[in-house]
Amino acid sequence: MSNDFSLSSFPELKTERLLLRETTLQDAEAIFAIFSDPAVTQFHDLDTFTSIEEAIAVVGRRAKRFEQGEGIRWGIARKQDNVLIGSCGFTWNPQENSAEVGYELASTFWRQGIITESVDTILQFGFKKMGLRFVVAQVMLDNIASKKLLEKLGFQSQGLLKQYGFFKGQFHDLEQFVLNK
């Protein structure tokens, strides 16, 4: 059974501290600040940004993927000032009623439970509102913080995917995690 993952409007989600919302061109400087930090891009499939145009392109890609029903990426903003500090979201797999989750956060906000709070919220949305059967995540082997986050959220390791990811000019071994409904 295949699911239709298109949404009529971008869903805004709220947590105790955060607003998960659509990113706009007004967020380009914040996106640039996040992705111009080598600590953030170390385990990401993007190169470290060197120009604001790269951040503007991210906003456009996210909007296009949402419009085409391919995925959704929420900007993570603090409620108190609506400043973007990261993002999280899904790439849909309609054939399996599943999604792959991804996320990143400005390094100044690491180890404050922000990604846990954000990803937990979108997982609930995915399972309850979108009818997902399961969610997968693929993590570079040295990304210990991400592995711990996924395990904390209930994901189970499915093992190693040898030379599975190709980015930054080379193949990478990835560990795959799955969370079932």
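The values are calculated or read from the model by the stated rules, or taken from the named source; none is laboratory data. What you see is a predicted model; the values in this text were computed from it and never measured. Positions of Cβ are generated from backbone atoms using ideal geometry, with glycine treated the same way; all protein chains shown enter the neighbour counts. With ligands, DNA and RNA removed, areas are computed over all heavy atoms of the protein, side chains included. Shrake-Rupley method; radii C 1.70, N 1.55, O 1.52, S 1.80 Å.
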* To do: Mind listing whichever residues of segment 16-26 are of a type in the set (A, V, I, L, M) and open to solvent by 80 Å² or more (accessible area, probe 1.4 Å)?
  => Leu25
* **The listed residue being free of Cβ contacts under 8 Å to residues at least 60 places away in the same chain and either open to solvent by less than 30 Å² (accessible area, probe 1.4 Å) or on the phi > 0 side of the Ramachandran plot (or both), out of Gly113, Gly69** => Gly113
* Asked: Does segment 27-45 include one or more residues that are of a type in the set (A, V, I, L, M), at pLDDT 95 or above, buried (at least 20 other Cβ atoms within 10 Å of the Cβ) and closer than 17 Å to Leu123 by Cβ?
  -> no
* Asked: In segment 140-153, is there at least one residue being among the basic types (Lys, Arg), more than 25 Å from Glu22 (Cα to Cα) and open to solvent by 40 Å² or more (accessible area, probe 1.4 Å)?
  -> yes
* Asked: Which one of these is without any contact (Cβ under 8 Å) to a residue 60 or more places away in the chain and closer than 24 Å to Asn143 by Cα: Ala55, Ala39?
  -> Ala55
* Elements of type strands (runs of 3 or more DSSP E) contained in segment 29-136, each with 2 or more residues being farther than 18 Å from Gly154 by Cβ and among the small types (Gly, Ala, Ser) -> 71-78, 84-93
* Structure fact -> Quick count over segment 86-102, residues being under 19 Å from Thr41 (Cα atoms) and surrounded by 21 or more Cβ atoms within 10 Å (Cβ to Cβ), is 6
